[in-house]
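This report refers to the structure that appears directly beneath it.
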Amino acid sequence: MFRISQFMRELAQARHTGAFPVPRRGTAPAGPVVIWNLIRRCNLTCRHCYALSADHDYAGELSTAEVFTVMDDLKAFRVPVLILSGGEPLMRADLFEIAARSRAMGFYTGLSSNGTLIDAATADRIAATGFDYVGISLDGLRTTHDRFRRLDGAFDRSVAAVRLLRERGVKVGLRYTMTALNAHDLPALLELMRELQVDKFYFSHLNYAGRGNVHRGQDAQFMATRQAMDLLFERAWQAALEGRPEEYVTGNNDADGPYLLQWVQQRLPRWAPALRERLAAWGGNASGVHVANIDNLGHVHPDTMWWHHDLGSVRERPFSTIWSDTSDALMAGLKTSPRPVGGRCAGCAHLALCGGNTRVRAQQTSGDPWAEDPGCYLRDDEIGATPGSDAGRLAVLPFGPADHARRESRHA
Ligand code: SF4
């Protein structure tokens, strides 16, 4: 996750005081943030769902007792954060029991929901449970969102959920995944965020997993992505100057770090070297290192976009053992610094800042997880490469027969 607002606040402070703030040095948590898909069932079938969820039960999901056993291991492994996700996690009967235990154990506890099942009574329970954060997915204004979510009325229900949660003092974020089909709604959504007094806006670039992979041909083109980032940077900068508590974060494209550096080089050049240092400390993509995923059946993955790559089951080995095992070639590569990336990423001047970006996009489009990330929207002249060599880039072709065959062979 790339925390734009955090960097903007530091820049605003630097401009005000004349000194870039010294980074807080704490004890780094040993364990990763765990995004836990507790249930695959969902009342919606969204176009970009990485879990390919549907509205029916899935056999073999972890029981409450099994979840609790895993939680004990996660705690001992010093995992700091649990994000309870799905499917739609509110469809799991023991969700509040799990969340209450998570809170009691001291995990920062988040909930990722589509919001359509949150009525006043459920909002009361969410508030009473003490979730630290609730992310509600909103992919555009009414017409766009309902088309994405394939449900008339989904937008109104999700917005109602946001209002109910905010009225109860719950910290809420909007989660938006941009594609060519909803990029036009971004400015209005940002206004809606402010109107609803939402705390956080999570902008996700499209990743190529599940239905997001099938629809990758509609990924927003590079220019639209750059315009969206310019808008977010400007907004986060103004919010930082005005002292607004709004948070703007992005995910699934770590080229956002170098792109922010360019923005600062043009706008606040005095602070660019300090920011570069800070971005290098952040390090870019964290899959397999600081971010982990457990799916509904208890299988561990480097992150939520790697469901087609199984590291092992928590029913057979503790999460802590699976996560520390680098006999898996992908995990060994993800934990290597710098990562063994190829193509234009290998010679990129910003590799230390972005970490080679999102390996699953490289793998889904080329079959090689260490190829260049085709979702990088920086030009060759911006990464220190020979101008014009863009022509040799990995192309993002629409999901086709070869991809179907690759997916079928994985499921065979
Ligand atoms: S070329 Fe690769 S390493 Fe460089 S910014 Fe883009 S994705 Fe990151």
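In table form, for the structure just shown:
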read-out: Gain on full stretching of the segment that runs from residue 231 to residue 326 - 0.36 nm per residue minus C-alpha separation; value: 30.2 nm
read-out: Fraction in percent of alpha-carbon pairs per bin - 20 Å, the chain; value: 26, 62, 12, 0
read-out: Candidates per trypsin sites (Lys or Arg not before Pro) in segment 222-284, loop by DSSP, up to 11 other Cβ within 10 Å; value: none
read-out: Straight-distance crosslink candidates among lysines, where the alpha carbon sits under 24 Å from residue 200 and sequence neighbours closer than 8 are dropped; value: 171
read-out: Antiparallel DSSP beta bridges within the chain, percent to nearest 5; value: 20 percent
read-out: Local net charge near residue 90, Cβ-Cβ under 12 Å (Lys/Arg +1, Asp/Glu -1); value: 0
read-out: Residue 280 paired with residue 381, simple spin-label distance in nm, labels 7 Å along Cα-to-beta-carbon; value: 2.6 nm
read-out: Inter-label distance for residue 57 and residue 335, nm, one decimal - labels placed 7 Å from Cα along Cα-to-Cβ; value: 3.7 nm
read-out: Extension reserve of the residue 65-residue 262 stretch, reckoned as 0.36 nm per residue once the Cα distance is removed; value: 66.0 nm
read-out: Projected label distance in nm at residue 221 and residue 22, using a 7 Å step from Cα toward the beta-carbon; value: 4.9 nm
read-out: HN-Hα J in Hz across segment 310-324 - Karplus 6.51, -1.76, 1.60, θ = phi - 60°, x for Gly and Pro; value: 9, 8, x, 9, 5, 6, 9, 9, x, 3, 4, 6, 4, 5, 8
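Every read-out reported here was derived from the displayed coordinates using simple, explicitly stated rules and does not represent laboratory data. Remember, it's a predicted structure, so these values are computed and weren't measured experimentally. Note: ideal-geometry Cβ built from the backbone for every residue, glycine included; neighbour counts use all protein chains shown.
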